[in-house]
1. Quick check: is even one residue across region 193-203 assigned to a helix (DSSP H, G or I), of a type outside the set (Asp, Glu) and under 19 Å from Cys103 (Cβ atoms)?
2. Being more than 22 Å from Glu138 (Cβ to Cβ), touching a residue at least 40 places away in the same chain (Cβ under 8 Å) and either in a strand (DSSP E or B) or under 14 Å from the mean Cα position of the chain (by Cα) (or both) narrows it down to one residue among Leu214, Leu219; which is it?
3. List every residue pair whose Cβ atoms lie under 7 Å apart, where the two residues are 6 or more positions apart in sequence or sit on different chains, the first residue falls within region 82-100 and is under 17 Å from His64 (Cα atoms) and without any contact (Cβ under 8 Å) to a residue 24 or more places away in the chain, and the second residue, located anywhere, is buried (at least 17 other Cβ atoms within 10 Å of the Cβ) and of a type in the set (Lys, Arg).
4. Sort through Leu60, Leu135 and tell me the only one that's within 17 Å of Phe235 (Cβ to Cβ) and of a type in the set (A, V, I, L, M, F, W, C).
5. Go through the residues of region 52-73 one by one and say whether even a single one is exposed (fewer than 15 other Cβ atoms within 10 Å of the Cβ) and modelled with pLDDT under 95.
6. So which strands (runs of 3 or more DSSP E) stay within region 20-135 end to end and still have 3 or more residues that are touching a strand residue (DSSP E or B) at 6+ places or on another chain (Cβ under 6 Å) and among the β-branched types (Val, Ile, Thr)?
7. Would you check if there is a residue in region 148-169 being farther than 18 Å from Thr247 by Cα, among the basic types (Lys, Arg), within 21 Å of the chain's Cα centre (by Cα) and assigned to a loop (DSSP other than H, G, I, E, B)?
8. Condition (residue is surrounded by fewer than 16 Cβ atoms within 10 Å (Cβ to Cβ), among the aromatic types (Phe, Trp, Tyr) and touching a residue at least 12 places away in the same chain (Cβ under 8 Å)) applied to region 181-204: is it met by at least one residue?
Amino acid sequence: MAGRGRQPGGLWPRGTRHVHGPAPIIRPDFRPVFLDFERGIRMGNLEPNQRITKIMKHLLEARHETKFITDRWGRGVYWQWICWLPVAARKAKPISSAYNFGCAKFYVTINREQQTFEAGMQVERAPLRGGPDALRTESDWDFHSVVRGLRRGTAFAAELARLVRREKFTVRAGPFGERTTFTARTYRGPAPLARACKGMPPNEWGGFQLCHVLTRRELRAMSGDDIVATIAAIFNELATAMNLVLTVPCLRTARGK
């Protein structure tokens, strides 16, 4: 949480105090070595301006002029999956405003098995049924907007085709253990993705992902600044697709809101 005199985004070194006036913005210091293909994304024992969570939250809030929530899967020094979602879109949900699962979100992760790093957007679907205390997909989850958009002629389908065919994104849909996946070489339209979404077993978690995949070799040729700029560029490309499924389309795009 930001202390008195600190700038939004939290890009400051640990222990810094500023008695007179606001703290200066500190240059991000993300380093390629923080992406460990054996253990995950390093988060522990770092200065705030070295943490990808703080850096991307700051960049997203500055670009879109709206607050973001950071969430993650992992604990300790290395995390496996990190995401950012707009506060306004979550708050607008009439049923599911108390948690993040129902919202479309930007994310980054390391695939240790395939030795790749990816950045993109994800929309989850929880089980459709369960006990009274079990988390399940509600009618206001963004996943429903994704399914409605996976039809020829929709704005979402057009944007999906552009991103996969022209910008070389990868798209996946279905249960997390067995997703249907397409790249620019194999993509022929949204119908198989719609079938994968609708055909998920009702008692399983799954969802939709649209991401850019970078190999370990590609990352080795990049500086920390290059990696941050690449993630930001990927998220910027996805803003239109995100707006088309968010409860509140609150992201700025190249063509405006």
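The values are calculated or read from the model by the stated rules, or taken from the named source; none is laboratory data. What you see is a predicted model, and the numbers here were worked out from it, not measured in a lab. Cβ coordinates were reconstructed from backbone atoms using ideal geometry, including for glycine residues, and neighbour counts include every protein chain displayed.
1. Within region 193-203, one or more residues are assigned to a helix (DSSP H, G or I), of a type outside the set (Asp, Glu) and under 19 Å from Cys103 (Cβ atoms).
2. After ruling out the rest, the residue left standing is Leu214.
3. Leu85/Lys105
4. Leu60
5. yes
6. Answer list for region 20-135: 105-111.
7. yes
8. No - not one qualifying residue is present in region 181-204.
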